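Below is one structure, written out as structure tokens, with a few remarks after it.
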Amino acid sequence: MRDAVIVEAVRTPIGKGKPGGALAHVHPVELLAHTLRALVERSGVDPALIDDVIGGTVDQVGEQAMNTTRYAVLSAGFPESVPATTVDRQCGSSQQAVHFAAQGVLSGAYDLVVACGVESMSRVPMWSNVPEGKDPFGPGVAQRYPEGLVPQGVSAELIAAKWSIGREQLDAFAVSSHQKAVAAWENGLFDAEVAPLEGVTRDECVRPGSSTDVLAGLKPAYYDPGFAERFPQIEWNITAGNASPLNDGASAVLVTSSETAARLGLRPLARLHSFAVTGSDPLLMLTGVVPATEKVLRRASLTLDDIDLFEVNEAFSSVVLAWQQETGADLGRVNVHGGAIALGHPLGASGTRLTTTLVHAMRERGARYALQTMCEAGGLANAMVLERV
């Protein structure tokens, strides 16, 4: 039976997603092209052998329109014969690309495939793909949810309220993310995964001086009097400090079978063991990581105790802390090199960024099993289990 393995994984440093950010001058196609070039250079594969390139991008408009992944393939210098497609499962877009890539290898449709993602939030701001005055949901959704859905920040507040997660917990978790990211950089743990770009060598949003005292002074980021009246249980504790920032970045992983890897002289980093995707309440929106974790563990015939490392996307502190309460996972094994609150969350690139960090952490720590999961807008979540080869 065929398997699917990751043989290389790289990412750009992550820049602030606003004008003046370290990577704001780089076109998103070039961000992704840079990681594609680094991927084949580090692996040594002939890009002509790549059967497909599957990329994730969330705001597919403007400079990220017209199947961005295809033009990144061309800009990277790959042969014109290498195809590409761009997918959107919101924040989990490039994790979904990994699922699709692995499933293609397992089915025999692919021998060698790239899963990747990119987002330039400085050049293509969030919600750029929804013109003012336009409704992306339609009348059927309005009828089903007559009181209306809410922005992600309000969902994060609702989660904090439902799971009784206070401001001190939220801020302390955020500080720990920065501390772990700082330690990882200082100890050279990102060197194997980061491909410097135009003089940018480190993630721009990591704050060595972050502290709970500093974060305690930040104001609520999503307070709205209308939502405050509708949801009196919200304490308005989500701030810019305990939420992920806006970012620019790209990432990519190379997926093949063990048989093809052996034939090409490639060293597998991890086996793609099991996959799951689930839907959840679109009002809370970000809680799908809980049922997705349960679902993928069932499919893998594993328990939580079997998992050595976790990557749970830090869209907001409340998401990871609610997931931990529900699963009982040891936070000491979660996002061990820091998460999106510190490293950044360039939407379409985050799935393969987490995968890239995870496979390198698995090798560095000798982990046998690892689990990655991501919450996604609309009440969705992806999860997968990786296994050391």
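Measuring max minus min along each principal axis, the C-alpha atoms of region 4-132 give extents of 44, 27, 24 Å (largest first). When the square roots of the Cα gyration tensor eigenvalues are ordered a ≥ b ≥ c, the ratio a/c for region 309-384 is 1.5 or more and a/b does not exceed b/c, which makes its shape oblate. Computed from the Cα positions only, the extents of the chain along the three principal axes stand at 62, 46, 44 Å, in decreasing order. Annotation: peptides 161-174, 123-136, 368-381, ranked by per-residue average of other Cβ atoms within 10 Å with the highest first, follow the order 368-381, 161-174, 123-136. Residue ranges 243-252, 332-341 sort as 243-252, 332-341 when ordered by packing (mean number of other C-beta atoms within 10 Å per residue, highest first).
Our estimate of slack between Asp191 and Arg230, defined as 0.36 nm per intervening residue step minus the Cα-Cα distance, is 9.3 nm. Taking a cut-off of 30 Å between Cα atoms, list the lysines near Lys180, but don't count ones fewer than 8 places away on the same chain. Those lysines meeting the cut-off are Lys16, Lys18, Lys162, Lys219, Lys295. Once the Cβ-Cβ distance of Thr212 and Phe137 is raised to the sixth power relative to R0 = 30 Å, the FRET efficiency obtained is 0.20. Among the GluC sites (Glu not before Pro) found in region 232-338, those both in a DSSP coil and sparsely packed, with 16 or fewer other Cβ atoms within 10 Å of their Cβ, are Glu235.
Per residue, the accessible area of the chain comes to 39 Å², computed with a 1.4 Å probe over protein heavy atoms only. Under the combined filter of DSSP loop state and at most 16 neighbouring Cβ atoms within 10 Å, region 206-274 retains none of its trypsin sites (Lys or Arg not before Pro).
For region 178-259, the normalised intensity computed at q = 0.14, 0.17, 0.24 Å⁻¹ comes to -0.72, -0.88, -1.22 (log10 of I(q)/I(0), Debye sum over alpha carbons, equal scatterers, no solvent).
If you roll a 1.4 Å probe over the chain with all protein chains in place, what percent of the accessible area is carbon or sulfur? In the chain, the share of accessible area belonging to carbon and sulfur is 51 percent.
Normalised by residue number, the volume inside the convex hull of the Cα atoms of region 103-221 is 253 Å³ per residue. When the trypsin sites (Lys or Arg not before Pro) in region 1-75 are filtered for DSSP coil states and for at most 14 other beta-carbon atoms within 10 Å of their beta-carbon, the remaining sites are Arg2.
The values are calculated or read from the model by the stated rules, or taken from the named source; none is laboratory data. Fair warning: this is a prediction, and the values are worked out from it, not measured in the lab. A quick note on method: Cβ atoms are made from the backbone with ideal geometry, for glycine too, and the neighbour counts reach across all protein chains shown. Each accessible area value is taken on the protein alone, full model and side chains, heavy atoms only, with ligands, DNA and RNA left out. Shrake-Rupley method; radii C 1.70, N 1.55, O 1.52, S 1.80 Å.
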